[in-house]
Amino acid sequence: MANKYDILEISERAKLDKANGNQVINGCVGTFKDDNHVLISFPSVKEYLVKYNTNYLDYSRVIGPASFLSGAKKWFFNKDYQEITENKHLFEAATIGGTGAVYDIFKYYSDSHGVTIISDICWPNYFTIAKNTNLEYLTYPLFLNNKFNFIDLEKSIISALTKVDKVLLVINDPCQNPTGYSFSEEEYKTLFDLVNKYNRENKVVDLLFDIAYIDYSYTKPLLLNYLKKFYPFNIHLAFSCSKTFGIYGLRVGGLISFLKSVEEKTRLSDAIFDIARGSISSPNGGATNALSKLFDSDSAVEAMRLQLVEERNFLKSRALNALQIMNDNKIEYLPYSAGFFITIVTKINAYALEDNLEKMHLYVVPIAKNLVRIAICSLSVNEISLIAKAIRNFNV
């Protein structure tokens, strides 16, 4: 039976509530919408989808078209592309959304008898994917004094290495879902130093960065600077085209891996090929082909980047208003810097709070017994204010 408090289940109840003629505020929807609830879209993306999506209806290459993979790297790395990619052992694969990239890497580490380490406050689907790939996981408290909790992360690394020889750290940064937290330069340095510390003979600690929201971040260059160096461990990037290009339903994403050796690249590429072939068979050929054409057009790429600046600033303005509303209503929230969501701290049971809000036709997502996620990406400032006032009345 589906979990009553699963994000998609709550959102489905909201849709049914609205279909029954009620005025509903759905704070679950993790897609970027304007104040009239119209999905934020990009003209250049639509243009290339219309032109090229049906030009390629055959099966795609199992790991996706080389043109898409090359174009995606150039998009995400931009002016740093040459420096980041030169003299590195890189592997890339197109996947079914960013979720597919996480699945592929989890399955690879599960088959390698590894363990993953995930923060306690996170995108809950990490746990679902770990369960479905039979990957054991450890958790640690995400925050300590409103900063990233490196103390408990290190304890988890030590604990994992007593059980296995291969550990994968999952870092959703920048714009962590569900908090909107982003690493500082000092925190990146601490993270990479920590990972390097525990990589030694017969012990492996690797990194998986979930960068689904990177194009809505103001700290993107911090991560890119670290990718310019070579490390004695592996770094995997799971990227999503859903948020960046506004094509959530087409399920396009990918994996970019920086491997420590040619041998590791061969192992990973062979494994990912088998994982993909035995699950999705091949990625979305039409959509990856259309995006390949877009990536190849300097004018289309420039138009995309310019509109992204506008939309990023629009989201920032909405977020600042949301945080002020929380402050005005004396509602505590977890550290936020950018992104689609904020997470508030509840004084009463978060699941009971959600039940009470549903009776008022207001929908949010409880993610722990005292935490609720609000998708500011899809709500107007007025709707955020109405949710906050309702929460304040219950949250005593």
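Quick notes on this one:
- For segment 345-358, the tally of residues that are under 20 Å from ALA14 (Cα atoms) and of a type outside the set (D, E, K, R) stands at 6.
- Only a single item in (1) assigned by TED's automatic domain parsing to the domain that holds PRO366; (2) not in a loop (DSSP other than H, G, I, E, B) is not met by ASN22, and it is number (2).
- Any hit, segment 273-285, residues being basic (Lys, Arg), in the same structural domain as ILE211 (by TED's automatic domain parsing) and in contact with a strand residue (DSSP E or B) (Cβ under 7 Å, 6 or more places away or on another chain): no
- Subset tally (residues that are in a loop (DSSP other than H, G, I, E, B) and buried (at least 16 other Cβ atoms within 10 Å of the Cβ)) for segment 336-359: 6
- Criterion applied to TYR363, TYR333 was being of a type in the set (Ser, Thr, Tyr), within 25 Å of GLY246 (Cβ to Cβ), surrounded by 15 or more Cβ atoms within 10 Å (Cβ to Cβ) and outside the structural domain of CYS122 (by TED's automatic domain parsing), and the one residue passing it is TYR363.
- Count - residues of segment 122-131 that are over 26 Å from THR266 (Cβ atoms) and without any contact (Cβ under 8 Å) to a residue 40 or more places away in the chain: 4
- Per-region count, segment 370-389, residues in contact with a helix residue (DSSP H, G or I) (Cβ under 6 Å, 6 or more places away or on another chain) and more than 15 Å from GLU332 (Cβ to Cβ): 4
- Residue match in segment 319-335 (condition: touching a strand residue (DSSP E or B) at 6+ places or on another chain (Cβ under 9 Å), in a strand (DSSP E or B) and not hydrophobic (A, V, I, L, M, F, W, C)): yes
- Residue within segment 289-300 that is acidic (Asp, Glu) and touching a residue at least 24 places away in the same chain (Cβ under 8 Å) present: yes
- All positions within segment 251-264 that are touching a residue at least 40 places away in the same chain (Cβ under 8 Å) and either among the acidic types (Asp, Glu) or touching a helix residue (DSSP H, G or I) at 6+ places or on another chain (Cβ under 7 Å) (or both): ARG251, VAL252, GLY253, GLY254, LEU255, ILE256, SER257, PHE258, LEU259, GLU264
- Residue among ALA72, ALA14, ALA66 that alone is of a type in the set (A, V, I, L, M, F, W, C), in contact (Cβ under 8 Å) with a residue 24 or more places away in the chain and over 26 Å from ASN382 (Cβ atoms): ALA72
- Here segment 223-246 is the region considered, the condition is being touching a residue at least 60 places away in the same chain (Cβ under 8 Å) and touching a Lys or Arg at 6+ places or on another chain (Cβ under 8 Å), and the residue that is nearest to THR288 (Cα to Cα) is SER242.
- Selection within segment 55-78 - more than 23 Å from the chain's Cα centre (by Cα) and among the charged types (D, E, K, R): ASP58, ARG61
- Exclusive hit being without any contact (Cβ under 8 Å) to a residue 40 or more places away in the chain and either within 16 Å of PHE209 (Cα to Cα) or touching a Phe, Trp or Tyr at 6+ places or on another chain (Cβ under 6 Å) (or both), set SER159, SER119, SER184, SER110: SER184
- Count - residues of segment 253-287 that are closer than 17 Å to ASP58 by Cβ and in contact with a Cys (Cβ under 9 Å, 6 or more places away or on another chain): 1
- Residues in segment 41-56 that are basic (Lys, Arg) and in contact (Cβ under 8 Å) with a residue 40 or more places away in the chain: LYS51 alone.
The values are calculated or read from the model by the stated rules, or taken from the named source; none is laboratory data. What you see is a predicted model, and the numbers here were worked out from it, not measured in a lab. Cβ sites come from the backbone with ideal geometry, for glycine too, and all protein chains shown count toward neighbours.
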